[in-house]
């Protein structure tokens, strides 16, 4: 469960979901295909859109165009409604799993008054809730930025910073923000707001592939929390303007 502290936090952690916190065992892909069938009567076939590190809106627009459908607001709305309903059905199927070490790190962060955490994810807020509620970790994230906010991942950061400021009634300097993700898109998204970048090789990209994109830290996994917190704690917080 999340914690509330009287002391204002000094550092902000912004988490990606898929490949970083958890693996859904392709529940999202199955849900997209189910939504295509139910909403547009399009037969199931492999998704031909690059999904890793992309937003749900970017993926949905690409899928609709691939099937000669215009990504109008109406079509996207109907597609997303079908997708979210199908995702709720698909998550209990297969073998979705929270990644090793994640639950312990989230709990440790929540217990520290100097740290805040939220989401910076390509998921819709509703799909993020379904995925993280499945593992009972949704309550660790009182705010975030989602595909509802923008189709382009690099545009999400300012939304996350604004909601973090509103929730904690204090602003976080870029040098006090850490973006954690498993793809080059997460690294670019963090860099776009001047944040520190932590890449974890628990998704589709190896340590070497992530290193080539020059994040500040690359971890093979989060199973051992020591190197993760060593980096977080080794960065001096910006001087307060209060």
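Points worth noting:
- Taking the chain as a Gaussian network of alpha-carbon nodes connected by springs under 10 Å, the highest mean-square fluctuation of the residues 36, 21, 119 belongs to 36.
- Looking at the chain alone, DSSP beta bridges between its own residues are antiparallel in about 10 percent of cases.
- Adding -39500 (n - 2.57) for every DSSP H run of four residues or longer, then dividing by how many residues the chain holds, sets the calculated 222 nm ellipticity at -12000 deg cm²/dmol.
- For 23, 77, order by how many other beta-carbon atoms lie within 10 Å, fewest first: 77, 23
- Computed extension length for residue 138-residue 72: 20.7 nm, one decimal, from 0.36 nm per residue of separation with the Cα-Cα distance subtracted.
- Matching label, Rg and Dmax of the Cα atoms in Å computed from the structure shown, candidates (1) 18.2, 51; (2) 17.8, 58; (3) 20.1, 62: (2)
- Given their separation in residues at 0.36 nm each and the Cα-Cα distance between them, residue 209 and residue 167 gain 11.6 nm when the chain is fully extended.
- Applying 1/(1 + (r/R0)^6) with r as the Cβ-Cβ distance of residue 111 and residue 65 and R0 = 41 angstrom yields a FRET efficiency of 0.35.
- Taken over the C-alpha atoms, region 172-242 has Rg and Dmax values of 12.4, 42 angstrom.
- Residue separation of residue 97 and residue 231 scaled by 0.36 nm, minus their Cα-Cα distance, works out to 45.7 nm of gained length.
- The chain: angle of helix 125-134 to the longest principal axis, Cα-based, in degrees nearest 10: 80
- When you restrict to C-alpha pairs under 8 Å that are six or more residues apart and normalise by the size of region 122-180, the relative contact order lands at 26 percent.
- Relative to the dominant Cα principal axis of the chain, helix 56-66 is inclined by about 30°.
- Compared with the dominant Cα axis of the chain, that is its longest principal axis, helix 157-168 is turned about 60°.
- GNM result for the chain, Cα springs below 10 Å: residue of 171, 199, 226 fluctuating most strongly: 226
- Shape of region 83-124, Cα gyration tensor, a/c cut at 1.5: oblate
- Across the chain, the relative contact order, built from alpha-carbon pairs under 8 Å that are at least six residues apart, equals 25 percent.
- Highest-MSF residue in the chain out of 144, 101, 203 [GNM, Cα springs under 10 Å]: 101
Every number here is computed from the coordinates shown, using simple stated rules; none is lab data. Since we're looking at a predicted model, the values are computed, not measured. A quick note on method: Cβ atoms are made from the backbone with ideal geometry, for glycine too, and the neighbour counts reach across all protein chains shown.
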